[in-house]
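Novice: Let me give you the structure first, and then I'll get to my questions.
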Amino acid sequence: PGLAATGDGELVRCHADLVRQEYLAVGIRIALSPMADLAVNPRWHRCSGTFGSHPQRAAELVRTYVEGMQHGADGITASSVVSVVKHWVGYGATAPDGYDAHNHYGRHMALGSDDIEAHIQPFTGAFAARVGGVMPAYNVPPQNLYVRGCEGPVECVAPGFNQQLLQGVLRERFGFDGVVLSDWHITDDCSDICL
């Protein structure tokens, strides 16, 4: 929300370009950013890393951020720091208590079929800038969630393991052909309670 509060896409692009230059100066060629998640629950501790709660505005700012990091809107070049937009898709849709999906007690998405497109929209800005990577979310979709690009309801499996969301929506509906990069420890973040 900090950069989103400026309402200035050019400022976001300049910020990301400066980050790109700093990363290159020390040899870093990939960035696990930006967060395209919507900040819909003020209790969620990761709201500050998002571009706010307005889907269209977030899409615009995500696009300009990726353009700054990748040094243009044409995808990855020799002067790029590869952006990995995250968290595909619905990570910001936390339960009313705001628990984070990294934890067993926060593992369920709190959204329905009417809401999912709003959570997808910010990612379209990254796709427009030909983002190099996408990181899936951790939280489990609810039963009877329908998404354009999926036949039938989405399986109740987190996006990092969800063929419908990764193949059907990300790859086929949006034509994303970059790298899908799981988050660190996606299979062992949870204690024995998850077994």
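Novice: Give me P(r) over region 1-47, computed from all C-alpha to C-alpha distances, binned every 5 Å, as integer percentages.
Specialist: Each 5 Å bin holds this share of Cα pairs: 5, 17, 22, 21, 18, 12, 4, 1.
Novice: Using the alpha-carbon atoms, what tilt in degrees (0 to 90, nearest 10) does helix 55-70 show relative to the longest principal axis of the chain?
Specialist: It works out to around 50 degrees.
Novice: Of the heavy-atom accessible surface of the chain (probe 1.4 angstrom), what whole percent is carbon and sulfur?
Specialist: Here it works out to 53 percent.
Novice: Is there a quick way to get the dipole size of region 52-195? I mean about its Cα centre, with the Cβ of Lys and Arg at +1 and of Asp and Glu at -1; what is the value in debye to the nearest 20? Write out the running numbers ahead of the final one.
Specialist: Values: 8 positive and 16 negative charges, 73 e Å.
In total the dipole reaches around 360 debye.
Novice: Ratio to report: Rg/Rh of region 8-166, with Cα atoms as the point set and Rh obtained by the Kirkwood method; give two decimals. It would help to have the intermediate numbers written out before the result.
Specialist: Numbers: Rg = 15.6 Å, Rh = 15.8 Å.
Here the Rg-to-Rh quotient is 0.99.
Novice: Sort Glu10, Glu60 from largest to smallest accessible area, using a 1.4 Å probe on the heavy atoms of the protein chains. Could the numbers behind the result be given before it?
Specialist: Numbers: Glu10 100, Glu60 65 Å².
The most accessible residue leads, giving Glu10, Glu60.
Novice: What does the net charge come to around Leu18 if you take all other residues with beta carbon closer than 15 Å to its beta carbon, with K and R at +1 and D and E at -1? Please report the intermediate quantities before stating the final value.
Specialist: Values: positive: Arg13, Arg20; negative: Asp8, Glu10, Asp17, Glu22, Glu67.
Residues near Leu18 contribute -3 overall.
Novice: I've got another one for you. Highest GNM mean-square fluctuation, the chain, Cα pairs closer than 10 Å: which of Val134, Val81, Val169?
Specialist: Result: Val169 has the largest fluctuation of those listed.
Novice: Grab the DSSP H runs of the chain that are 4 residues or longer, score each as -39,500 (n - 2.57), total them, divide by all residues and round the 222 nm result to the nearest 500 deg cm²/dmol. Please report the intermediate quantities before stating the final value.
Specialist: Working: 4 runs with 51 residues, N = 195.
Result for the chain: -8000 deg cm²/dmol, rounded to the nearest 500.
Novice: Residues of the chain: accessible area per residue at 1.4 Å, in Å²? Can you show the working numbers first?
Specialist: Working: 9300 Å² over 195 residues.
In whole numbers, the chain has 48 Å² accessible per residue.
Novice: Now a separate question. Going by alpha carbons, how many degrees (0 to 90, nearest 10) lie between the helix axis of 116-128 and the longest principal axis of the chain?
Specialist: 30
The values are calculated or read from the model by the stated rules, or taken from the named source; none is laboratory data. Bear in mind that the values here come from a model prediction, so they are computed numbers and not experimental data. Don't worry about glycine lacking a Cβ; one is built from the backbone with ideal geometry, like all the others, and counts go over all protein chains shown. Surface areas here come from the heavy atoms of the whole protein model, side chains and all, with no ligands, DNA or RNA. Shrake-Rupley method; radii C 1.70, N 1.55, O 1.52, S 1.80 Å.
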